[in-house]
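Input: a single structure, listed below in structure tokens.
The values are calculated or read from the model by the stated rules, or taken from the named source; none is laboratory data. Remember, predicted model here, so these are calculated numbers, not experimental data. Counting neighbours? That spans all protein chains shown, and the Cβs are built from the backbone with ideal geometry, glycine included. Quick note on the areas: whole protein, heavy atoms, side chains included, nothing else; ligands and nucleic acids left out. Shrake-Rupley method; radii C 1.70, N 1.55, O 1.52, S 1.80 Å.
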Amino acid sequence: MKSRKSIQASQYSDFLKSNPTLDNVLSNDRTIDEVCCCNPEFSSYITSERVRELIRYIIEEPIDPSNTIQACKYPLVASEFFTSDLPCLFNILFQEPNLMRYLFSFITREPPINLLLAGYFQKAFESCLNYNTEEFLMIVFQESLHISLLKHLKSSSVAEIVYTIISSKGFYDERRMILIEIVSLIESADLMTSYNANSVLCRLNKDDDIYQELLSKEVFDKLLCFVKGKKTYIIRNAGGVVKNVLNLSGETVSEHFVKKVSGFVDILCLDGDEKIITQFGVEVKCFGEHRLIVLEIMVLICNFPILVNEVSNEINRIINLLDTYKWSSYFHHAFTGFIEALINTSANEYVKALLKAEFPQILIELASSSVVKCKKFSTASGCTGHVYKMINLLVNSKIEAITTSMDLMERWVGFHPKLDDYNEIESKNIGGKANINFFDNLSSEDSGEKAEENDLIPDYPYTKPITGKELEELTDLFDMEDKKPQKNPFMSTKCITNATLEELAANEYLDNVYWKFNINTCYLDELD
């Protein structure tokens, strides 16, 4: 007895033998399955004219965009013919240049192109490339189609095609030209074009023969020039490529940074106008993703002996940033990485620069005055955790000059026990659990007693239930528009490392009482 699958395949074969229109084929719900299974009847059904119709659906916008069948289903099903293993289709396409030109007319037109159709075109392009790579690339380069592709780099699908081409084998000179053009497009006035250029270049690695061109003076110096530009998105995208190259081939390109380090620090020290209000009502400056990448580049170039003098001359300016950006966690992480790189290198120039900038004193000062007073309550400064990490880094470095400098500090004697308490609690609570309320506790008069507590987070159920009115006072827990509790605990506290005991209790209350219906627990009308 035949299986249902065999019966359906036989029925579909009979359907193709009846010579239906292509629209009927594309409308049939079995078509994609039969195409993927390479139904043998397609070899006689697919003709030159039908290949042209399939191409039309994936490169031409529908006459009636509101017709979802024509605008969405037909292009999708048509693209599946190209991704399947149907030799009859590709034989026709490669043997008839007019059909190939018609396919590529999608990218030879002026921008902008339809971004949805670009995804279907990408599927057809890559299928043709896989079918006969050498011949297909020859067509692309002979017809200068690679130049046409670069005009549409705003499309992520086209960017994927461009990466496929430059990471392929053969036609080295042509691919090198594409690479140089992509580098130039990072400076494009169009943000998405610049971003996609960055994405293509960052995907290259040492296994790609064209990768070596990124290390050339001509190309890499151009990227460094872009990093020192004025537009933030260009700095970010060019810096991303530079950072990727440094991770893969840092020593090879280190000489390109000579006499350029000062320009990078100039970018870090520029005052930005953008500010935000934190959950605690504190107005803070935004560091910016572009400057974050520049700082990460500084972390990587610390390890190059050829640049030690230049980097050490800029350490003081970089250290001054810590006081300006106390609430940017991404900045704190990169800044701590920078200090860690300096300490691990153990270069005398770096140590002298840190001591000259009085960096140990700055850290102790920040740690000692870590509590910030806000409108409703006080909270630990956003950089406090990283400050303690850097203090430990200095102490554990065992560098004589640093140890001597810290021993001579008056504040160090009084602060040392506080650091020991911090390290003891942190070591007992894996994952930073102790950090949640540690600094709040130390800011009070009875910090010594609280530091001895085994667990600073109370167990629930709580002896004092939290009422709806008390919840409303914790504005972080409510959506500002409709005053309803936010059901995401992370969003409700914004930053769990700065949560108060009341906020943690409120979260447990919401999870275990309010959202778990129990009429005996509280009066729910209080929350209305």
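Taking region 27-75 as the range and being among the small types (Gly, Ala, Ser) and open to solvent by less than 20 Å² (accessible area, probe 1.4 Å) as the test, only Ala71 passes.
Considering only region 141-151, I want to know if a residue exists there that is within 24 Å of the chain's Cα centre (by Cα) and not charged (D, E, K, R).
Yes, that holds for at least one residue.
A search for C-beta distances below 8 Å between a residue of region 290-306 that is over 14 Å from Glu349 (Cβ atoms) and open to solvent by 10 Å² or more (accessible area, probe 1.4 Å) and any residue that is at pLDDT 95 or above and assigned to a loop (DSSP other than H, G, I, E, B), counting only pairs 6+ apart in sequence or on different chains, returns nothing. Only residues that are more than 22 Å from Val395 (Cβ to Cβ) and either in a helix (DSSP H, G or I) or out of contact with any helix residue (DSSP H, G or I) (no Cβ under 9 Å at 6 or more places or on another chain) (or both) were counted across region 317-351, and they come to 7.
Does any residue of region 210-220 turn out to be more than 26 Å from Asn114 (Cβ to Cβ), crowded, with 18+ Cβ neighbours inside 10 Å and charged (D, E, K, R)? Walk me through how you get there before you give the answer.
Step one: filter region 210-220 for residues more than 26 Å from Asn114 (Cβ to Cβ), giving 210-220.
When the remaining residues are screened for being crowded, with 18+ Cβ neighbours inside 10 Å, the result is 211, 213-214, 219-220.
Cutting the leftovers down to charged (D, E, K, R) gives us 213.
Yes.
Can you spot a residue in region 39-47 that is touching a residue at least 24 places away in the same chain (Cβ under 8 Å), on the phi > 0 side of the Ramachandran plot and of a type outside the set (Phe, Trp, Tyr)? Checked against the condition, which is being touching a residue at least 24 places away in the same chain (Cβ under 8 Å), on the phi > 0 side of the Ramachandran plot and of a type outside the set (Phe, Trp, Tyr), region 39-47 yields no hits at all. In region 322-355, what residues are crowded, with 19+ Cβ neighbours inside 10 Å and of a type in the set (A, V, I, L, M)? Result: Leu322, Ala334, Ile339, Leu342, Ile343, Val351, Ala353, Leu354. Of all the criteria given as (1) over 21 Å from Val140 (Cβ atoms); (2) open to solvent by 60 Å² or more (accessible area, probe 1.4 Å); (3) under 23 Å from the mean Cα position of the chain (by Cα), the one not satisfied by Arg203 is (1).
Summed over region 253-284, the residues that are at pLDDT 90 or above, surrounded by 14 or more Cβ atoms within 10 Å (Cβ to Cβ) and among the β-branched types (Val, Ile, Thr) give a count of 4.
Just give me the residues in region 176-232 being closer than 30 Å to Asp271 by Cβ and part of a loop (DSSP other than H, G, I, E, B), in sequence order. Hits for region 176-232 are Ile186, Glu187, Ser188, Ala189, Asp190, Lys228, Gly229, Lys230, Lys231.
Quick check, is Lys356 modelled with pLDDT under 90 and charged (D, E, K, R)?
Numbers: modelled with pLDDT under 90: no; charged (D, E, K, R): yes.
No: the conditions fail for Lys356.
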